[in-house]
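Structure record follows, encoded as structure tokens.
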Amino acid sequence: MLNVATVVLIMLSSVPFSFSAQFLLSAASHAPGAMQKAEAQTEIVQTSKTPSGEIADAAGSEGNIRGEGDTSEGNEVGILIIAHGSPSETWCEPVREVFRRVASELPYPVELGFLEFVPDETINIAVDRLNEHNVTKIVAVPLFISSHSGHIEEIKYVLRLRKTPPESEALTFVEGEPVRRSVFAVEGKCIIRREYLTPALTVKHTEEDELVPVNTTAEIVLTDALDNSSLLAQTLAENAAELISDAENET
């Protein structure tokens, strides 16, 4: 019999590619007062069977992706997709694929920003691009598992939704390496420090990045992360149902 941990891992690993796009569209379209037309677009993408390869081909390169209804005359609403980021392109590229799909479905300018590790695709750069469209409201959708993650507080700081820099310290892993990650304030700046450790937990080398608040006059609305999505509950329930072979004798 499968144990609980194995079942959870199977369910999470089985979440389809289309789910992330559906979540982002749904979260953006239900942000308070953000968009009226996006709900119809959400229904379209939830029933769409377009292969991800076709979506990528239609969208083109990341730097030029825009929603179908985008114009250079200015848009009231812009969408900002936020992901954590990674040094690995294998990790980042699926996120970009989701971004391409969302950008191709929404009639609004859409940009992708990573919290760290991807210096050419930061949250700040993404907001600067939305500023070029004269948006007055930015709906920021975090592609994170938990709304209570410490990273959400870091995102709030970058989006100017909190004034004080967050502070935290945790042992994590980056591409299989143990890393002591610290976030702290020093001389009016908010710094992320990553100390890469040996197996004996001595420091091999250190990296530092600064979290810089975005520069925009647009109102910013931050939606919940994946944990508050009914789409996630539905997807996990469907995947769990596929694992059941003898319902009366399984608990």
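Descending by average beta-carbon neighbour count within 10 Å, the peptides 198-210, 117-129 line up as 117-129, 198-210, the highest first.
Convex hull volume per residue, computed on the Cα atoms of region 139-231, equals 118 Å³.
As a proxy for reagent exposure, Phe173, Phe184 were ordered by neighbouring Cβ count within 10 angstrom, fewest first; the result is Phe173, Phe184.
What you get for region 164-211, charging only the Cβ of Lys and Arg (+1) and of Asp and Glu (-1), is a dipole of about 140 debye around the Cα centre. Footprinting exposure proxy ranking of Lys163, Lys156, fewest other C-beta atoms within 10 angstrom first, gives Lys163, Lys156.
In terms of Cα atoms, the Rg and Dmax of region 164-211 work out to 11.3, 34 Å. Between Ser182, Val203, Pro166, the Cα set farthest toward the positive side of the dipole of region 164-211 (charges on each charged residue's Cβ, about the Cα centre) is that of Val203. Taking other C-beta atoms within 10 Å as the exposure proxy, Phe144, Phe114 rank Phe144, Phe114 from fewest upward.
Throughout, read-outs are computed from the coordinates displayed, never taken from laboratory work. All of these numbers come straight from a predicted model, not from anything done at the bench. Cβ sites come from the backbone with ideal geometry, for glycine too, and all protein chains shown count toward neighbours.
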